[in-house]
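S.K.: Below is the structure I would like to discuss, written out as structure tokens.
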Amino acid sequence: MDLANFEEMPTVLIESGFRFFFYSSEGNEPVHIHVTKGDAEGKIWLEPHFQPAYMHGFTPAEGKKVITVAEKNKMYFKKRWHEHFNQ
């Protein structure tokens, strides 16, 4: 990945090997967070309701852990989203 693309995907949290981030081009969507680990990826809506949009490639245990970490940090993720997109 080149540096320009990486800067457009600010990492918000790394926990248990999961990288939570958002794309800088998605400020027009409802508040959400992306997550990756290895080849697995997911997207979780934080507003208007907390719910996974998709979870591809995670084992059931990893998917459960992703949801637990995201739910625990949802207020922090929302704060970072609003700071980044000046909302």
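S.K.: About its Cα centre, how strong a charge dipole does the chain have in debye, to the nearest 20, once Lys and Arg get +1 and Asp and Glu get -1 at the Cβ?
M.R.: Roughly 440 debye for the chain.
S.K.: Which far-off residues, 5 or more places away or on another chain, put their amide H under 5 Å from the one on L13, with H placed in the peptide plane?
M.R.: Excluding prolines and chain starts, which carry no amide H, the hits are F20.
S.K.: Which one, I14, H34, M75, projects farthest toward the positive side of the charge dipole computed for the chain from Cβ point charges (K/R +1, D/E -1)?
M.R.: Sorting the options by dipole projection puts first M75.
S.K.: Just to make sure I understand: if all protein chains stay in place, what is the order of F77, F50 by accessible area at 1.4 Å, largest first?
M.R.: Order by accessible area, largest first: F50, F77.
S.K.: Run the accessible area of the chain with a 1.4 Å probe and give the carbon-and-sulfur part as a rounded percent.
M.R.: Of all accessible area on the chain, carbon and sulfur atoms account for 53 percent.
S.K.: Whole percent per 10 Å bin, from 0 to the bin with the longest distance: what is P(r) over all C-alpha pairs of segment 8-87?
M.R.: 19, 58, 21, 1
S.K.: What are the ³J(HN,Hα) couplings of segment 45-59, residue after residue, when phi is run through the Karplus curve with 6.51, -1.76, 1.60 and θ = phi - 60°? Round to Hz, x for glycine and proline.
M.R.: Karplus-based 3J(HN,Hα) across segment 45-59 equals 6, 9, 9, x, 10, 6, 6, x, 7, 7, 9, 10, x, 7, 5 Hz.
S.K.: Could I ask something else about it? From the phi of every residue in segment 66-71, what ³J(HN,Hα) in whole Hz does the Karplus formula 6.51 cos²θ - 1.76 cosθ + 1.60 yield, where θ is phi - 60° and glycine or proline is x?
M.R.: Values, residue by residue: 4, 4, 4, 5, 5, 5 Hz.
The values are calculated or read from the model by the stated rules, or taken from the named source; none is laboratory data. As the structure is a prediction and not an experimental result, all values here were calculated from the model. We place every Cβ from the backbone using ideal geometry, glycine too, and count neighbours over all the protein chains shown. Keep in mind that these areas ignore ligands, DNA and RNA; they rest on the heavy atoms of the full protein, side chains included. Shrake-Rupley method; radii C 1.70, N 1.55, O 1.52, S 1.80 Å.
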